[in-house]
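> Handing you this structure, nothing more for now.
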Amino acid sequence: DPAIADSVGYSLRACGYQPVFEMACYSWRAGERPDIEDRLLTAGDQIVARLGLRVRSADMSRYAAELEGLRQVYARSFATHPELVPISAQVFATQAADIRPLVDPDLVRIIEKDGQPVGFALLLPNLNELFRGGTGRVTPALMLRLLARRDHYLRGIRSAVVVMAGAVPEYEGKGLGRVIAAEL
């Protein structure tokens, strides 16, 4: 609600806080703009071919190794970001263990060059869809729904949320953002 956001923003500013950076949120529905989707897919394919890249899903049988590769890309991707500090392998693994039950390997896109990850996107099912019209609490019925998933598919969820995406500095400006967007 914009009115609530404005009042919270005003209250924080009144206490002496100032914004450091702005964030944006975007929504995309597949099939909504096929002309743009086609151009995006074509551009992504061309960049992959030109740079000799490979894009793949996560291999859940190699979860620990996949995590370490993503952690390294994440660390390099955000090394100059003023709000982030490096995450140790142990902390990253602990955080990733919490979300593992929700990970759909097809929603993790890893971009590789010569077998080494150079970019990635991590999406998770949009659990907010499960709370619509409910109490907003995790109930036994909700837990059963989460446990009853089939092939990483959670019944009642039709969208995903981008948790993080990044590319190593050597690939900045080379179109990996288009590749990731095409994959999404």
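> Tell me, what ³J(HN,Hα) does each residue in region 49-62 have, in order and in whole Hz, if you take phi through Karplus 6.51 cos²θ - 1.76 cosθ + 1.60 with θ = phi - 60° and put x for Gly and Pro?
5, 5, 8, x, 9, 10, 10, 9, 7, 6, 9, 5, 6, 10
> Can you pull the accessible area of TYR17 for me, 1.4 Å probe, Å² to the nearest 10?
150
> Quick one: what are the phi-derived ³J(HN,Hα) couplings along region 112-119, Karplus 6.51/-1.76/1.60 with θ = phi - 60°, whole Hz, x for glycine and proline?
3J(HN,Hα) across region 112-119, in whole Hz: 10, 10, 6, x, 10, x, 10, x.
> If you line up the Cα atoms of region 32-106 on their principal axes, what length do they span on each, largest first, in Å?
Here the Cα extents, ordered largest to smallest, are 43, 31, 28 Å.
> Ordering PHE21, PHE120 from largest to smallest accessible area (1.4 angstrom probe), what's the sequence?
Ranking PHE21, PHE120 by accessible area, largest first, yields PHE21, PHE120.
> Which of the trypsin sites (Lys or Arg not before Pro) found in region 24-60 are loop residues per DSSP with 13 or fewer other Cβ atoms within 10 Å of their Cβ? Don't skip to the answer; put the middle values down first.
Values: sites: ARG29, ARG39, ARG50, ARG54, ARG56; in loops: ARG29.
Taking region 24-60 and a limit of 13 other Cβ atoms within 10 Å, the loop trypsin sites (Lys or Arg not before Pro) found are ARG29.
> Just to confirm the filter: which GluC sites (Glu not before Pro) across region 22-51 are DSSP coil and have at most 13 other Cβ within 10 angstrom of their Cβ?
GLU22, GLU32
The values are calculated or read from the model by the stated rules, or taken from the named source; none is laboratory data. It should be emphasised that the depicted structure is a prediction, and the values quoted were computed from it without experimental measurement. Here Cβ is always computed from backbone atoms with ideal geometry, including for glycine, and neighbour counts include all displayed protein chains. Heavy atoms of the whole protein, side chains included, go into the accessibility calculation; ligands, DNA and RNA do not. Shrake-Rupley method; radii C 1.70, N 1.55, O 1.52, S 1.80 Å.
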